[in-house]
Amino acid sequence: MICFDKVSKRYATGQEALSGLTLNLDAGEMAFLTGHSGAGKSTVLKLVMLMERPSQGQLLINGKNLGRLHRSQIPYYRRNVGVVFQNHQLLFDRTVFDNVALPLLVSGYQPREVGRRVRAALDKVGLLDKEKQNPITLSGGEQQRVGIARAVVHKPRILLADEPTGNLDPELSSEIMNLFRDFGEVGVTVLIATHDIDLISRMGLRVLQLQQGRLASDERPVHVG
Ligand code: ADP
């Protein structure tokens, strides 16, 4: 589903963020992306979101070469990629419902379809009863779940997360990770950039470790029995 083929990324400043990176994630696979600050994690996510383009190499998503995607197709491509941020970037001057509805309104969905999809997404994250509240009245974990609902409201095939548990305690972090796992089980490919070593060791998932823009290790969980 996500296939980096010898991808290098050099920013306009001359900084090389990725060097000949090759990695593959299958549909429905879930993995952590880890490494020190500056290792290239965010750059990997930005390339998949099409916020940046590779300087060299190819990026194939669901078999399609992103380098060949026409500018006019970018908004449609982006609907297949949901993104969850650490600070969840919610708008505190509108309701939970309106926050989750935002990507659909931007895409021009009809109000009825918006209502149906927003409620389905809120139901998945267990917040259907909070739709009329302002996110400021919710706990940190609940706010992050609103961020996840907004990321999946388009029913994306890929879910990316950048330090999604950064501000949460271990129990809430596990709760959020279990939600991601649920999406993985229905075929969504999930890639989570994180520094959280405890979380990584608890979850037993594939771990891709970056070091100075290269893949330093790729460890898959060992299943016993
Ligand atoms: P990480 O997410 O692992 O901290 P990044 O992908 O953000 O790493 O950064 C990798 C390298 O690329 C770093 O040296 C960073 O300073 C540099 N970098 C990231 N974004 C930009 C940018 N927009 N312009 C120039 N350099 C950048």
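The values are calculated or read from the model by the stated rules, or taken from the named source; none is laboratory data. All figures in this text were calculated on a predicted structure; none of them were measured in a lab. Reconstructed Cβ throughout: ideal geometry from the backbone, glycine too, with neighbour counts over all protein chains shown. With ligands, DNA and RNA removed, areas are computed over all heavy atoms of the protein, side chains included. Shrake-Rupley method; radii C 1.70, N 1.55, O 1.52, S 1.80 Å.
Does segment 194-201 contain any residue that is in contact with an Asp or Glu (Cβ under 6 Å, 6 or more places away or on another chain) and in contact (Cβ under 8 Å) with a residue 12 or more places away in the chain?
Checking segment 194-201: at least one residue is in contact with an Asp or Glu (Cβ under 6 Å, 6 or more places away or on another chain) and in contact (Cβ under 8 Å) with a residue 12 or more places away in the chain.
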Total residues in segment 21-52, condition more than 9 Å from the ligand (Cβ to nearest atom), open to solvent by 40 Å² or more (accessible area, probe 1.4 Å) and in contact with a strand residue (DSSP E or B) (Cβ under 8 Å, 6 or more places away or on another chain): 4
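Residue-by-condition table, conditions (1) within 16 Å of the ligand (Cβ to nearest atom); (2) closer than 19 Å to residue 36 by Cβ; (3) open to solvent by less than 80 Å² (accessible area, probe 1.4 Å):
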{"position": "152", "(1), (2), (3)": "no, no, yes"}
{"position": "161", "(1), (2), (3)": "yes, yes, yes"}
{"position": "186", "(1), (2), (3)": "no, no, no"}
{"position": "203", "(1), (2), (3)": "no, no, yes"}
{"position": "215", "(1), (2), (3)": "yes, yes, yes"}
Residue satisfying condition, being β-branched (Val, Ile, Thr), under 20 Å from the mean Cα position of the chain (by Cα) and more than 21 Å from residue 52 (Cα to Cα), within set 84, 100: 100
Evaluation of residue 156 against (1) assigned to a loop (DSSP other than H, G, I, E, B); (2) farther than 24 Å from residue 78 by Cα (one fails), failing number: (2)
